[in-house]
1. So what are the ³J(HN,Hα) numbers for the stretch 110-117, from phi and the Karplus equation (6.51, -1.76, 1.60; θ = phi - 60°), rounded to whole Hz, Gly and Pro as x?
2. On a 1.4 Å probe surface of the protein chains, which of Thr163, Thr57, Thr39 comes out largest in accessible area, and what is the full order?
Amino acid sequence: MRNHLIVLQQMTRDDGPANAYIKTLIDGFIAPAGSRFRTGNLMLDGLFSMKHQVMETKGIEFQSSVFFGGDLFLSVTDADLSIIFGNLLDNAIEAAQELEGTRYIRARSQRKGGYLCVTVSNSYSGQVFGQRGRLRSTKAAEGHGYGLENVRSAMERVGGSLTLDYSDPEEFWAVLLFPLEGGEEDFLEVDHDV
């Protein structure tokens, strides 16, 4: 839910009552910030900026070269992007913050055939918890543990896929395949090492 609030705040850039109300809802979690990211999607720029603030407070390095520019993703809504990247980054932050030593999260994109392949990788302890081929949350509180299922559902809605790879005991990978709707135009890759 907080990811949707962040998106709403980025979309209502005025000083009106709606933005003031949204600000009061998220102020306890993170403070608004100007975007350091240029993904080609305004909402995603804001979300990455907000998550980067959290990472900085936890000593996590963030590198991003994700680009969603142009009209290539007509079937992917900002709400779905918020669900996908908000949950993946929240999970990566949770895993990386538990480590002593190097903590990092990397997000990358590149065009592969008719798909945009986006990877989100992070340092982690090498421990995962799962049942019947699905990862489960380590959080005991009610209402937690639905993030990856929400990501899977959003990816299915857009005709894409999510693959998780935790075979490396030091690096966890989430691989997203988004179908492109723009043919074979040139693809721009942008680096944001922050």
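1. Whole-Hz 3J(HN,Hα) from phi for the stretch 110-117: 7, 7, 9, x, x, 10, 9, 9.
2. Thr57, Thr163, Thr39
The values are calculated or read from the model by the stated rules, or taken from the named source; none is laboratory data. The shown structure was predicted, so the numbers you read here are calculated from the model rather than taken from an experiment. Each accessible area value is taken on the protein alone, full model and side chains, heavy atoms only, with ligands, DNA and RNA left out. Shrake-Rupley method; radii C 1.70, N 1.55, O 1.52, S 1.80 Å.
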